[in-house]
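Worksheet: one structure, shown below.
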Amino acid sequence: MKLRLTSIQRFSVHDGPGIRTTLFAKGCSIRCPWCANPENLSHEIQKYCTESGVWKQYGEDYSIEQVFDICMKDKNFYGADGGITASGGEALLQAKPLAELFKRLKEEQIGCCLETSLYAPEKNLELLRNYLDYIYVDMKVLDEERADDILNAPLQLYEKNLKYLFSAFPREKICIRIPLVDEMTFTEKNINVISEHLKNFQPSKCEIFSVHNLGSAKYATLNLAYHKFRKITEEELLKVKGYLQKQSGNTCFVIH
Ligand code: SF4
């Protein structure tokens, strides 16, 4: 069994508590127009030519043993909070090999975290149920009139998995991440629906941030059209944070 990844980032401090090794899974089931990691969209290994004419590729297959050995290199730095984060792309789409890896890591008392859009079969979440210490879940477009078109995936699947997630894991393990993107996730209606969800599910915390407009060079290597979005201002971020906190009773943080 192999894990197909685009990169393994050691000493990462933005993908969960403490010091972590982050695994970027190749392949995603949705298509956010603001995606900063276009090399993670397709599950296929993709070759591309750099400006200096050198051929490279996005994606590589690793055995569980290989990834485990890389993760173990920094075991002494993880401490009580840190560990491994599976990100992407959508790491949940590779739940079987990931479960095998996480099982090995848990035997070494290493914490395991998942960053997910939740657009994956429900049984994939079940496979990871025993191994996850922390889960970051995206809340993007929840406006049912627009979600399927914008993300190119059924909102129903997300809603079903969200319910399952909050029934299977304690709320203390769940953080909601909300990317604010002008005219996509950042609309009055969408913010209202997000606020209703936060009120109903009561995650331990939520984080909001502006889309970063990164990744244009990578779009060019893949011959994909790149969309630039207006950056959400600090004032707007604080306003949304205040609104969500007031409406839902959740603790929200603005992150950059
Ligand atoms: S879920 Fe993440 S990787 Fe997938 S399209 Fe959206 S931003 Fe990109």
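The values are calculated or read from the model by the stated rules, or taken from the named source; none is laboratory data. All values reported here derive from a predicted model rather than from experimental measurement. Note: ideal-geometry Cβ built from the backbone for every residue, glycine included; neighbour counts use all protein chains shown. Side chains included, ligands, DNA and RNA excluded: accessible areas come from the protein's heavy atoms. Shrake-Rupley method; radii C 1.70, N 1.55, O 1.52, S 1.80 Å.
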Checklist line | Which numbered condition L132 fails, given (1) in contact with a helix residue (DSSP H, G or I) (Cβ under 9 Å, 6 or more places away or on another chain); (2) away from the ligand (no atom under 16 Å from the Cβ); (3) without any contact (Cβ under 8 Å) to a residue 40 or more places away in the chain | finding: (3)
Item checked: Search result, residues across the stretch 187-224 that are within 30 Å of K47 (Cα to Cα), outside any loop (DSSP other than H, G, I, E, B) and among the polar types (S, T, N, Q) -> S216, T221
Next item on the list: Would you mind finding the one in R177, R171 that is touching a helix residue (DSSP H, G or I) at 6+ places or on another chain (Cβ under 9 Å), of a type in the set (K, R) and within 21 Å of D15 (Cβ to Cβ)?
Entry: R171
Next item on the list: Out of I30, I19, I84, I8, report the one residue that is at pLDDT 95 or above and within 13 Å of the chain's Cα centre (by Cα).
Entry: I30
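Let me confirm something: among L127, L155, which residue is in contact with a helix residue (DSSP H, G or I) (Cβ under 7 Å, 6 or more places away or on another chain) and within 16 Å of the ligand (Cβ to nearest atom)?
Values: L127 fails: within 16 Å of the ligand (Cβ to nearest atom).
After ruling out the rest, the residue left standing is L155.
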Item checked: Contacts under 6 angstrom Cβ, first residue in the stretch 108-120 being farther than 23 Å from I150 by Cβ, partner acidic (D, E) and more than 10 Å from the ligand (Cβ to nearest atom), 6 or more apart -> G111/D133; C112/D133
Next item on the list: Please list, ordered by first then second residue, the pairs with beta carbon atoms under 6 Å, 6 or more apart or interchain, first in the stretch 29-55 and closer than 30 Å to T185 by Cβ and in contact (Cβ under 8 Å) with a residue 40 or more places away in the chain, second of a type outside the set (F, W, Y) and within 7 Å of the ligand (Cβ to nearest atom).
Entry: S29/E90; I30/S117; N40/C28; N40/G88; N40/G89; L41/C28
Notebook entry, point to check: Conditions: (1) touching a Ser or Thr at 6+ places or on another chain (Cβ under 9 Å); (2) touching a residue at least 60 places away in the same chain (Cβ under 8 Å). G79 meets all but one. Number of the miss?
Noted result: (1)
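Among the strands (runs of 3 or more DSSP E) contained in the stretch 1-103, which hold 1 or more residues that are surrounded by fewer than 22 Cβ atoms within 10 Å (Cβ to Cβ) and away from the ligand (no atom under 16 Å from the Cβ)? Talk me through it step by step, then tell me what you get.
Details: elements: 2-12, 20-25, 46-49, 55-58, 60-63, 83-87.
By residue number, 2-12, 46-49, 55-58, 60-63.
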Checklist line | The one condition in (1) more than 21 Å from M1 (Cβ to Cβ); (2) open to solvent by 10 Å² or more (accessible area, probe 1.4 Å); (3) not basic (K, R) that I135 fails to fulfil | finding: (2)
